[in-house]
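As structure tokens, the structure follows; a few thoughts come after it.
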Amino acid sequence: MARVSGRDHDGDGSRATPARRVAVDGVSKTYAGDDGPVHALADVSFDVTDGEFVCIVGPSGCGKTTLFRIIAGLEEATDGEVSLSGDPVDGPSRDLGIVFQEYHLFPWRTVRGNVGFGLEQTDMDESERADRVDELIDLVGLDGFTNSYPPQLSGGMKQRVALARALAVDPELLLMDEPFGAVDAQTRAMLHEELLEVWEATRKTVLFVTHDVEEAVTLADRVVVMAADPGRVREVVDVGLDRPRERTDPGFAEYVERIRGLIGE
Ligand code: ADP
Ligand code: MG
């Protein structure tokens with residue numbers, strides 16, 4: 001896989017004190033349901049530091065997608081606030097790459113056309129744009145499929161396209177909502193490796209939502225463990241395992257068990 005460089009935030013190559021990339025502060029969300037109010041989120045708070053890989057894990061219905069949509073600026077919190085790099089979120093941000101649970105690709109555009117979509121709204125000239133798109137397609141291992149259309153691709157390949165598209169505009173933060181939920185276990189394991197390679201190459205901050213505890217322990221520096229009814233943070237777990245991680249490692253199983261215990265699985 002090729003390298004795509006991330007930005008040098010300080011401009012001098014120094015590693016200053018990591019900034020708070022995402023701050024979730026007392027966020028609540030109540031929906032007006034058919035049978036009365038639904039408390040999707042109650043007083044959720046946590047931070048994500050610059051360059052960190054954080055997973056949000058919890059059972060179905062605990063408000064993960066709601067939280068994801070509030071952080072992305074696609075939904076308004078009933079109470080509390082989210083800031084990205086210190087700026088309160090009050091709508092969709094440009095400095096954000098989003099990968100949804102469903103693929104959300106443009107079926108009438110090729111892989112190249114999908115990956116390049118966000119760059120068409122920038123003032124990047126055409127040859128530079130083409131180079132950038134090739135670099136990203138290479139990064140996610142899809143060279144050879146540049147001119148294919150989404151319906152011709154497998155689920156795993158579609159999510160690689162979605163990841164490349166999210167990275168195209170070089171966002172500071174990558175937000176992913178159960179992106180690999182629909183692919184088989186073997187493909188998912190491969191996508192985990194690839195995502196971690198991309199993360200290490202680009203040093204993006206990643207916030208990754210999943211209901212799969214093993215997936216969270218494979219990927220995250222820290223795991224925000226949520227509980228349902230109302231959706232809330234149960235605990236934030238530091239995953240103190242070396243990378244690359246092995247599922248056969250006894251330490252791995254301990255973290256999985258501990259988090260499952262917190263969720264009540
Ligand atoms: P998760 O992603 O963890 O499965 P969601 O954020 O999708 O959870 O949902 C949390 C709760 O909020 C669920 O009880 C769900 O039914 C409810 N909910 C989600 N979206 C809406 C909506 N637009 N209107 C009413 N209730 C909703
Ligand atoms: Mg969800």
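Just so it is clear, none of the values below were taken in a lab; they were calculated from the coordinates. Just so you know, these numbers come straight off a predicted model, no measurement behind them. FYI the Cβ positions are ideal-geometry reconstructions off the backbone, even for glycines, and counts take in every protein chain you see.
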Relative packing of 247-258, 158-169, which averages over residues the other C-beta atoms within 10 Å, highest first:
158-169, 247-258
Normalised radius of gyration for the chain, please: alpha carbon Rg relative to 2.2 N^0.38 Å, two decimal places.
1.01
Given charges at Cβ of Lys, Arg, Asp, Glu: the chain dipole, positive-most of Leu96, Gly264, Cys55
Gly264
Can you tell which of Ser60, Ser85, Ser45 shows the greatest fluctuation in a Gaussian network model of the chain with Cα springs below 10 Å?
Ser60
Which value, in debye to the nearest 20, gives the size of the charge dipole of the chain about its Cα centre, when Lys and Arg are +1 and Asp and Glu are -1 at the Cβ?
400 debye
Just tell me which aspartates and glutamates come within less than 15 Å, Cα to Cα, of Lys158; anything on the same chain fewer than 8 places away is out.
Glu102, Asp138, Asp143, Asp177, Glu178, Asp184, Glu194
Enumerate the lysines that Lys29 could reach by cross-link, defined here as Cα to Cα under 18 Å, with residues fewer than 8 away along the same chain left out.
Lys64
Do the sum for the chain: with -39,500 (n - 2.57) for every DSSP H run of n ≥ 4, divided by all residues, what is the mean residue ellipticity at 222 nm, to the nearest 500 deg cm²/dmol?
-9000 deg cm²/dmol
